[in-house]
Each structure stands twice: as C-alpha cells, then as structure tokens.
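Let me begin by presenting the structure, written as structure tokens, before commenting on it.
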Amino acid sequence: MYSYNKRKQDTLFNDKQHKKSTHPGLRSIGNLLSIKTSKTELIHLSLATALVICVGLSLNNYRYFSWQFLAIFTSAFLVHELAHKFLAQYYGSWAEFRAEIYGLILTAISALPIMPFKFIAPGAVMIRLNDRSKFGRVALIGPLTNLAMGFSFLILTLTYNSYNPYFAVGASFNGWIAMFNLIPMGVLDGQKIFDWNKLVWGAAMAAAMALFIIGYL
C-alpha cells in the first residue's frame, strides 16, 4: 500500500509539472486541432443541410437556381451550428450535430412553395457541459456568427453594387436567424443565454433586431 500510494503521488506530481510546463497558447491550439466528428454526425448534418437548401429553393418556387443566394442562405445555418460544435469541443465537451425527427418534418414542410412561413430547425448540436458560464457562451456563439456575417453583408452592400440584392438578403436573413434563435423559450439558444447573462442576451437581441430591420429596408 505504501508503494502504491507513493507511485500515485509521483504520477500526480508529474502530471501537474507537465501541465505547468505546457504553454497556455499551445494548449489552446491543441484544443482547436482536436475537433472530432463521426459518420453519424456527417449523415445527420448532410440531411439537415439538404433540407435547408430545399427551403431556400422554395422561396422562388424552384423556378431558378442561384449559387450566390444558396451559399448565403445555407451558410447562415451551417456556420451557426458548427460554431456551437467547435466552441463546445474547445471547452473539452463532446459535441455533435443530431437531426431531430419533428424538426426535420417541419423543415421539410417549409420546403413546400405553398408554405408562407419557413421554419428551419432540422436539428441541433448536442453537448455535455456542466459549467453554466461555458454553456452560455456555447449557446451565444451561434447567434454571434449570424450577427457577424449579417453586418459583414451590410458593409459589402456599400462596396459591391452588382451583388447588392444578395448581400442585403444575406444581412436580413442572418438577422432573422439570430433573432429567432435568441427567443428565450424552450430549447432555443436564447433561453440558455438568458439564464446565463440577461445583459448579454439583451444586447444580442437588440443587435439582431437592428440587423434584420436594416437589412430588410
């Protein structure tokens, strides 16, 4: 027992020394490079993305195909979900996208041209985090990516006149995605952010509303 306890103490001491000798910046880079996925996640994410593309095509009744519009439309969904995943895994949590049957059905119904209201929620990134602060930040990063892309599109409308309609739509759509996800109810990001920090939630919601209105006008 004495030998076992001594070896255990030596091991803990060596682990602590190793952690101290590792530069925080190198640990951060290591966390970023350790992003993991699975075949299941790729299948779920591909199915969800395909439905989101169909919703985008339904906005013009599937009459014509625009790469520019679909790229802007789809990126608002993909970047949002991947931001959740990357930050959660950076914090050391398991995080993978999973499609949800009712969300898939509602998104598929929204892909019908006759539907006036489009509902895009085919699934979400599942995470395992007990830290409330980190959990709130992971929830916030999704809408933040939409705000960043949306305001970038607003700036681009002043620079590239030929693509102005696409950029204006991109700004308004990203604002809508951020605003919808920030609603503080149910399983939406807004509820998690509101529980974590109400001031942060209020600032994010105000920015999302401003982006949606300015982009729409």
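A compact table of results
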item	result
Lone qualifier among SER21, SER28 - being open to solvent by 40 Å² or more (accessible area, probe 1.4 Å), among the small types (Gly, Ala, Ser) and modelled with pLDDT under 90	SER21
Residues (part of a helix (DSSP H, G or I), of a type in the set (Phe, Trp, Tyr) and open to solvent by 60 Å² or more (accessible area, probe 1.4 Å)) located in segment 116-164	PHE135, PHE151, TYR163
Matching residues, segment 55-96, being hydrophobic (A, V, I, L, M, F, W, C), open to solvent by less than 20 Å² (accessible area, probe 1.4 Å) and under 23 Å from ASN130 (Cβ atoms)	ALA83, ALA88, ALA95
Near pairs, Cβ below 7 angstrom, 6+ apart or cross-chain, from segment 177-202 (surrounded by fewer than 21 Cβ atoms within 10 Å (Cβ to Cβ)) to any residue that is aliphatic (A, V, I, L, M) and in a helix (DSSP H, G or I)	LYS192/ALA139; VAL200/LEU140; VAL200/ILE193
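The values are calculated or read from the model by the stated rules, or taken from the named source; none is laboratory data. All figures in this text were calculated on a predicted structure; none of them were measured in a lab. Here the Cβ is made from the backbone with ideal geometry for all residues, glycine too, and neighbour counts use every protein chain on show. What goes into the accessible areas is simple: the full protein's heavy atoms, side chains included, and nothing from ligands, DNA or RNA. Shrake-Rupley method; radii C 1.70, N 1.55, O 1.52, S 1.80 Å.
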